[in-house]
Amino acid sequence: MNPRALRAVGPVILVVAAVVTAVASLAFTGAAAPLAQGDPGAIVRWGLPLTKLLVNVSGAVMAGSLVLALFALKAGEKEFDGALDVASIGAAVLTVAAGATGFMTFLDSFNPEFSAGPEFGAQLGRFLTEVELGRTWLITTIAAAVVTILAFAIRSWLWTLVTAVLALATLIPMATQGHSGELASHDATVTAMSLHVLGAAAWLGGLVLLAVLRPALGSRLATVVGRYSSIALVGFVIVAGSGLARALSSIGTWQQLMSPYGAILIVKVVALIAMGVLGAWYRGLLIGRMQRDERASRAFWTLIGVELAFMGIASGAAAALARTPPPLGETPYSSTPAEILTGEPLPPELTLERWFTTWDVDLLWATVAAFGIAFYVLGVVRLRRRGDSWPIYRTVLWIAGCLTLFWVTSGPVNAYQDYLFSLHMLGHMLLTMGIPLMLVPGAPITLALRAIEKRDDGTRGGREWIMWAVHSPFARVITHPLVAAGIFVGSLWVFYFTDLFRWSLYDHLGHVWMVTHFLISGFLFVMTLTGIDPLPYRMPYPGRLVTLIAVMAMHAFFGVAMMMQEGLMAAEWFGGMGRTWGPTPLEDQYIGGGVAWSIGEIPTLITAIVVAIQWSRSDERQQRRQDRHADRTENAELDAYNARLAAMAERDAARPSR
């Protein structure tokens with residue numbers, strides 16, 4: 001296919017394939033059939049999934065264009081401005097589509113009598129402000145409008161980064177809606193859908209941008225395509241993994257794949273596999289030949305057109321799935337205290353065996369751990385191939401830290417932390433102290449700076465963004481040892497003695513924030529004391545030990561304060577679970593305080609020992625440097641010093657005494 005033709009035809013291929021697939025799938029499953037009671041009408045039944053499809057595609061174009069601009073294009077160039085124009089157009093379409101979807105969702109959910117009177121407007125206003133589903137679409141609409149303005153008006157590196165982060169965040173509320181069309185209530189479902197939406201956005205949006213920007217790229221086409229293929233590979237892995245997790249939660253048996261829902265799901269999976277094969281084909285065979293072989297270039301753009309068609313099929317199938325009930329049906333409502341609070345049944349008593357057999361996988365942190373290991377190992381392999389060395393113990397510690405992160409967030413600690421405060425505190429201590437002790441010696445920033453290729457064309461890749469982050473004013477503040485220590489200790493008190501603790505219990509977003517915050521705060525604190533990664537400021541070793549002693553004292557005081565609590569923290573939560581096994585909630589809280597005091601101090605003590613060892617080795621290295629300097633100069637400085645002393649002594653001896 002001619003690349004200039006693809007610029008105009010590519011988006012059309014995507015939209016037509018998506019709409020045709022969505023309409024055919026809705027007709028096949030009967031998801032748009034009239035309802036026996038409370039039917040909202042054909043316009044809503046067919047219009048709602050189609051506007052939702054437009055939301056998905058325009059959101060992907062918005063976010064994917066910004067991601068590709070940040071990692072493949074040069075700010076100030078025509079191609080960069082073009083990418084932001086495409087992102088702005090995508091955000092504008094998303095604004096309209098999200099508003100229309102919210103309105104149709106209101107009509108579909110409440111089936112009000114349409115009128116221009118104040119009563120209808122009041123109903124709509126209450127839906128958008130008081131009902132969670134309505135607020136979701138209101139937030140998406142407002143955020144998309146803000147992205148539209150930012151992407152159009154501001155073109156610097158920093159503000160493009162801010163806009164990209166906001167664009168990705170705009171997609172998250174959409175992810176709270178599962179393939180059932182309503183708000184997803186299960187934390188695992190929300191996580192899987194969030195990853196699915198974000199991965200698909202980076203993949204699909206970048207591909208559309210490539211098709212649109214082809215004439216402006218010129219001789220840099222192969223370079224930009226190669227960078228996009230790396231982003232697309234990551235997106236493919238995330239989409240495939242999260243899609244598998246979502247499918248497993250919707251399909252219980254192989255026979256259910258024969259249901260209408262299962263059939264559409266198979267169509268989506270086949271389209272995903274086809275896109276993966278096409279991506280591997282042009283990544284491995286065509287990208288390197290594009291600039292010197294016209295036939296390879298035409299073959300590549302033909303494959304891009306085919307991939308856009310498959311993406312349209314997958315998007316249309318997803319829109320139909322959002323209106324099709326899964327074969328598992330609705331989960332029977334249970335009124336047990338634990339299920340009312342957590343949405344999950346109360347687990348059995350935590351025994352020694354269940355410490356090794358219980359799993360409750362958090363897909364987000366499983367993905368973080370998997371990519372952390374994969375990227376680290378790839379970096380080490382690249383160094384080895386280049387002939388550079390990298391200490392094995394750093395690799396072992398990094399992998400151990402990532403695996404421990406996976407165990408804490410997906411093992412028995414995660415499965416029981418909502419029911420036992422002591423397990424919650426154990427997970428907290430491991431996140432904030434134990435895991436950073438393994439991750440920091442891995443020196444990931446140093447490895448990345450050595451392994452990632454430096455760019456000389458004015459664009460920013462992973463290495464350039466890391467360098468920018470390390471030397472940013474914000475990094476200079478939060479990586480100061482005293483600031484990092486203050487965040488580390490202060491977070492404990494602020495989190496547990498304010499409503500932030502309750503937020504982490506009741507809201508999955510709060511839980512994600514908690515894990516992220518304490519993992520990062522612990523990493524920063526340990527890195528400022530013992531890490532080798534580049535930092536704007538290093539405190540002298542005596543100051544580091546004094547800081548550690550102060551932190552140990554405050555940490556111990558926090559644990560004791562927990563143990564001395566006479567009332568139950570979050571009493572309506574831990575005291576309302578209906579748990580009949582294990583210690584009482586107040587006894588368990590006392591155990592949790594002991595965990596914070598005792599187990600929390602062990603990593604701090606290890607850190608103090610490491611600082612002392614590094615101090616000793618630093619003195620030894622300084623002494624060896626001085627010895628080598630003396631050997632090179634044959635003690636010239638010492639001889640000159642002695643000669644100066646001798647001359648002074650001679651002058652004193654020659655001076656007449658009084």
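The values are calculated or read from the model by the stated rules, or taken from the named source; none is laboratory data. Note that this is a predicted model, so its numbers are computed, not measured. We place every Cβ from the backbone using ideal geometry, glycine too, and count neighbours over all the protein chains shown.
Kindly indicate whether any position in the range 433-451 is without any contact (Cβ under 8 Å) to a residue 60 or more places away in the chain and of a type in the set (D, E, K, R). No, the conditions are met nowhere in the range 433-451.
Could you check, for the range 538-552, whether at least one of its residues is among the hydroxyl-bearing types (S, T, Y), surrounded by fewer than 17 Cβ atoms within 10 Å (Cβ to Cβ) and either part of a loop (DSSP other than H, G, I, E, B) or not assigned by TED's automatic domain parsing to the domain that holds H471 (or both)?
No, there is no match, as no residue in the range 538-552 is among the hydroxyl-bearing types (S, T, Y), surrounded by fewer than 17 Cβ atoms within 10 Å (Cβ to Cβ) and either part of a loop (DSSP other than H, G, I, E, B) or not assigned by TED's automatic domain parsing to the domain that holds H471 (or both).
The residues in the range 482-537 that are small (G, A, S) and under 23 Å from the mean Cα position of the chain (by Cα) can be counted, and the count is 6. Among the residues making up the range 412-470, a single one is over 21 Å from the mean Cα position of the chain (by Cα) and on the phi > 0 side of the Ramachandran plot: G458. Scanning the range 572-612 for residues that are part of a helix (DSSP H, G or I), touching a residue at least 60 places away in the same chain (Cβ under 8 Å) and over 30 Å from T528 (Cβ atoms) gives W573, F574, P585, D588, Q589, I591.
Have a look at V15, V57, V23 and point out the one that is within 27 Å of the chain's Cα centre (by Cα) and β-branched (V, I, T). Every option except V57 fails the conditions. If you filter the range 467-519 down to residues that are in contact (Cβ under 8 Å) with a residue 40 or more places away in the chain and charged (D, E, K, R), you find that the one that is nearest to A443 (Cα to Cα) is R476. Of the residues L535, L492, which single one is in contact with a helix residue (DSSP H, G or I) (Cβ under 8 Å, 6 or more places away or on another chain), in a helix (DSSP H, G or I) and modelled with pLDDT under 95? One residue alone meets the criteria, L492.
Here A338 fulfils each of the conditions (1) surrounded by fewer than 19 Cβ atoms within 10 Å (Cβ to Cβ); (2) part of a helix (DSSP H, G or I); (3) out of contact with any Asp or Glu (no Cβ under 8 Å at 6 or more places or on another chain) apart from (3). When A17, A36 are checked against the criterion of being crowded, with 20+ Cβ neighbours inside 10 Å and closer than 30 Å to A263 by Cα, A17 stands alone in meeting it.
Has the range 213-220 got any residue that is under 27 Å from the mean Cα position of the chain (by Cα) and assigned to a helix (DSSP H, G or I)? Checked against the condition, which is being under 27 Å from the mean Cα position of the chain (by Cα) and assigned to a helix (DSSP H, G or I), the range 213-220 yields no hits at all. Total residues in the range 26-53 satisfying the condition of being basic (K, R) and under 33 Å from the mean Cα position of the chain (by Cα): the figure is 1.
A Cβ distance below 7 Å, combined with a sequence gap of six or more or placement on separate chains, defines the contacts here; from the range 207-235, residues that are free of Cβ contacts under 8 Å to residues at least 24 places away in the same chain reach no residue that is among the charged types (D, E, K, R). Going through (1) within 20 Å of the chain's Cα centre (by Cα); (2) of a type outside the set (A, V, I, L, M); (3) more than 27 Å from T580 (Cβ to Cβ) one by one, D360 falls short only on (3). For the range 559-601, which positions are among the charged types (D, E, K, R), farther than 18 Å from G427 by Cβ and at pLDDT 90 or above? Within the range 559-601, E572, E587 qualify. Restricted to the range 385-468, the set of helices (runs of 4 or more DSSP H) holding at least 2 residues that are over 20 Å from R354 (Cβ atoms) and not assigned by TED's automatic domain parsing to the domain that holds G567 comprises 392-410. Checked against (1) under 25 Å from S242 (Cα atoms); (2) buried (at least 17 other Cβ atoms within 10 Å of the Cβ), V377 passes all but a single condition, namely (2).
Here is a check on your reading of the model: is W465 closer than 21 Å to A571 by Cα and surrounded by fewer than 18 Cβ atoms within 10 Å (Cβ to Cβ)? Against the criterion (closer than 21 Å to A571 by Cα and surrounded by fewer than 18 Cβ atoms within 10 Å (Cβ to Cβ)), W465 does not qualify.
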